[in-house]
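The values are calculated or read from the model by the stated rules, or taken from the named source; none is laboratory data. From a predicted model like this one, the values you see are computed outputs, not experimental measurements. No Cβ is skipped: glycine too gets one built from the backbone with ideal geometry, and neighbour counts run over all protein chains shown.
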Amino acid sequence: MKKLDDIDLSVEFAGVKMRSPLGVAAQAPFAPASISGDRLAEILLKHVDAGAGYIHTPYTNVELHHPKNKLPTGRFLKAHTPGFGRSGFWVAADSYRIEMRKEESLKMVKFLKTRLPSDVPIIANIMGPGADPEGWANLAKEFEDAGADIIELDVSCPLPATAAGAVESFVSAERIPEHAGMLLGDNPALTIAVTTAVVKKTRLPVGVKLTPETGFPRLIGLVEQLKEVGAKFITSVNAPLSVAPPDIYNFGKSPYPGLSANTISPVVGPWTRYLCYRNVGTISMFVPGIDQAAVGGLVDVSHSVEAMMLGAKICEFSSGTLWKGWSFITDSLNFLKKYMHKYGYESLEEFRGLGVQYIKPADEIDWGLGKLAAKIDQTKCKGCGICANNLCWAIKMNDDNKATVLEKDCGACALCIAICPSDAIELGDAEFPLTEEEIYEQYPKMG
């Protein structure tokens, strides 16, 4: 077995060598300084110092210069449910304000190519002109000429859908706005047309960043078509849309600090991890052979391993670095090395996709009904009664105010395990196993 320091974390993604599989997703800082390629390069180089295996440009549109009266700004709002902890952010912004403009982005790419190690490629995240495939292709070619190594088509940014008139134009199938984001990405025909044009125009590997609004199973058909027209990778997934809760103690007004209005807005944080896993896992199952980048809700050092076990080749941090800073990259790399060393993996390939084989259709699973039952550790049970005061016939409180299980009524559903605040319950072998037919016969039928 290799020593910890000798473990190789390099990966080939879309045919491009990277020194590690971890980095930061395309981000757009909500501050006027982000119109400067020099200032953004400072941040991206911090990713590299922390160990990132690649860098992303902020998503860039076709306009040459940033408009002077539409400088980047926006607002974050902490999402917090008492008793459940912090669960994420709402993110209010005008997409037109925060998109990076072409001239500064291209200059930044050229500058970074002089500063980056050869095994730290640049992924250019681009947002072309609406539903104009040739315009997208020309933008991609400009980034190729500037020195980018990979093209990621951003047809997933949720913010354009929050603009005035966006929903009406999408629903009525009128012209897709020039700043389209997910309005284009949730239209498979347009997404395929754009991808086809870009693949034909550039020699670089091209991938598509998906919107979570294109859900399962519809996303499978889209990915199959993207693979057929030459996409080399899929990035899953951008932020979903929501509406921040009204301030119920202030007549329903906006909860955002300093804003008089609420808005339809993306949500980021741990909750998006499950959308990410939905996409990565199901694409691995149904469309094998296309590389995947996982992004969304990866906030713990173990999450990159989970995503890779579902088939991701690289992981892009957003929520994790927003919460914990760039050190989250270093911490995740250290965890990854220690994990591989502990479990005897000498390469990432040895455990990539390992979990996919266990994803099965629900009707093919042995649920263990009659063979498994809840087991309660009486020394841990605090007598809160949550499990008994719930959707369960099997659990009752005894005279000592401790939860007990009537095994014959236990459906082995594990709800009690999921909700127990004391971790006092687990599933174990039934003391008196029954077949499903035997269980069926013990219940009287109405009428």
The range 176-203 - residue that is assigned to a loop (DSSP other than H, G, I, E, B) and more than 24 Å from the chain's Cα centre (by Cα) and, of those, nearest to LYS102 (Cα to Cα): GLU178
Does PHE335 count as part of a helix (DSSP H, G or I), aromatic (Phe, Trp, Tyr) and in contact with a Gly (Cβ under 9 Å, 6 or more places away or on another chain)? no
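Residue-wise test of (1) modelled with pLDDT under 95; (2) buried (at least 17 other Cβ atoms within 10 Å of the Cβ); (3) hydroxyl-bearing (Ser, Thr, Tyr).
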position	(1), (2), (3)
SER10	no, no, yes
MET18	no, yes, no
VAL24	no, yes, no
GLN27	yes, yes, no
SER36	no, no, yes
ILE43	no, no, no
GLY51	no, yes, no
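Listed here are the residues, each with its yes/no results for (1) touching a residue at least 60 places away in the same chain (Cβ under 8 Å); (2) part of a helix (DSSP H, G or I); (3) aliphatic (A, V, I, L, M); (4) closer than 19 Å to CYS276 by Cβ.
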site	(1), (2), (3), (4)
MET1	yes, no, yes, no
ARG39	no, yes, no, no
GLU42	no, yes, no, no
GLY51	yes, no, no, no
Search result, residues across the range 14-37 that are under 19 Å from GLU346 (Cβ atoms) and either part of a strand (DSSP E or B) or aliphatic (A, V, I, L, M) (or both): LYS17, MET18, LEU22
Might you let me know whether the range 277-287 holds any residue that is of a type in the set (Phe, Trp, Tyr), under 29 Å from HIS80 (Cβ atoms) and crowded, with 20+ Cβ neighbours inside 10 Å? yes
For the range 274-307, name all the residues that are assigned to a helix (DSSP H, G or I) and farther than 20 Å from VAL208 by Cβ. TYR274, HIS303, SER304, VAL305, GLU306
Of the residues LEU369, LEU427, LEU434, which is without any contact (Cβ under 8 Å) to a residue 60 or more places away in the chain and either touching a His at 6+ places or on another chain (Cβ under 8 Å) or hydrophobic (A, V, I, L, M, F, W, C) (or both)? LEU427
The residue from ALA239, ALA197, ALA193, ALA180 that alone is of a type in the set (Gly, Ala, Ser), in contact (Cβ under 8 Å) with a residue 24 or more places away in the chain, more than 23 Å from TRP271 (Cβ to Cβ) and crowded, with 24+ Cβ neighbours inside 10 Å is ALA180
Lone qualifier among LYS102, LYS68, LYS107, LYS78 - being surrounded by 15 or more Cβ atoms within 10 Å (Cβ to Cβ), basic (Lys, Arg) and either over 21 Å from SER156 (Cβ atoms) or touching a Cys at 6+ places or on another chain (Cβ under 6 Å) (or both): LYS107
Any idea how many residues of the range 107-142 are part of a helix (DSSP H, G or I) and touching a residue at least 60 places away in the same chain (Cβ under 8 Å)? 13
Sole exception among (1) crowded, with 19+ Cβ neighbours inside 10 Å; (2) part of a loop (DSSP other than H, G, I, E, B); (3) under 19 Å from the mean Cα position of the chain (by Cα) for PHE216, by number: (1)
Subset of the range 152-175 (residues that are more than 25 Å from the chain's Cα centre (by Cα) and among the aliphatic types (A, V, I, L, M)): ALA164, VAL171, ALA173
